[in-house]
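The values are calculated or read from the model by the stated rules, or taken from the named source; none is laboratory data. None of the values given here were measured: they were computed from a predicted structure. Here the Cβ positions follow ideal geometry from the backbone for every residue, glycine too, while neighbour counts run over all protein chains shown.
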Amino acid sequence: MFKNLLSTLPNKRQLSKSDSPQVAIDISRVIKPAEPVHVPSPPAVESPAPAQSDIFTSETLGSLAEEAVDSLSGQFEAWMRSDLDELVSAWGVAKEAQATAENYRAVFTAAHNIKGAANSYGYPAIARLCGSLSRLLQDTRPGENAALINLHVEACRAAFNSIGQGSDGQSIADAVCEALEERVAMKVAKA
């Protein structure tokens, strides 16, 4: 899986800057100081040393990436729960009458962070919901769209609690995602 991903990553020339606002993304949970890589010493028989590029082939890197994800996968549920708690908390502050643009920005940041991580954690419905919520919040001022924002937040919580409850849970999550995405598209088009 990761071997294919590594081969499809864009190079620096393919990347371009967008006009979208800068968002602080929290990746501190998954970025850890690198541990030294153990490279076996060359055999006693004199042979040319392998080039550095030969040691780290795409297969080797793919295997290392899969092992890293497997070792972290047990923590995905806890991280998702923590991220959702942050979203719910930020929304609790933002829906108050005295909410500021900064309070809504905190909801956007929490939703945007979840959108980026939820697929990797195994929660595709939550990624879709938070993508839709992020899109809605880009042009929302305090006090606007409260009911629609609340629906997104509650749908995220429901999707998280229903994971593992069979295909019915996934089909319901897909239907909710589609309905909310359509509603956001109409709101954004009117703005």
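The set of residues in region 152-171 that are under 18 Å from SER82 (Cβ atoms), modelled with pLDDT of 90 or more and among the aliphatic types (A, V, I, L, M) contains only VAL153.
For residues that are at pLDDT below 80 and assigned to a helix (DSSP H, G or I), tally how many sit in region 30-60. Count: 5. Checking LEU180, LEU148, LEU136 one by one, the residue that is hydrophobic (A, V, I, L, M, F, W, C) and within 18 Å of the chain's Cα centre (by Cα) is LEU136 and no other. Restrict the check to region 107-114 and report whether at least one residue is more than 18 Å from VAL176 (Cα to Cα), free of Cβ contacts under 8 Å to residues at least 24 places away in the same chain and touching a helix residue (DSSP H, G or I) at 6+ places or on another chain (Cβ under 6 Å). Scanning region 107-114 turns up no residue that is more than 18 Å from VAL176 (Cα to Cα), free of Cβ contacts under 8 Å to residues at least 24 places away in the same chain and touching a helix residue (DSSP H, G or I) at 6+ places or on another chain (Cβ under 6 Å).
Residues in region 108-122 that are of a type outside the set (Gly, Ala, Ser) and under 18 Å from TRP91 (Cβ atoms): PHE108, THR109, HIS112, ASN113, ILE114, LYS115. Answer yes or no as to whether ALA90 is more than 17 Å from the chain's Cα centre (by Cα), in a helix (DSSP H, G or I) and at pLDDT 90 or above. For ALA90, the condition - more than 17 Å from the chain's Cα centre (by Cα), in a helix (DSSP H, G or I) and at pLDDT 90 or above - is met.
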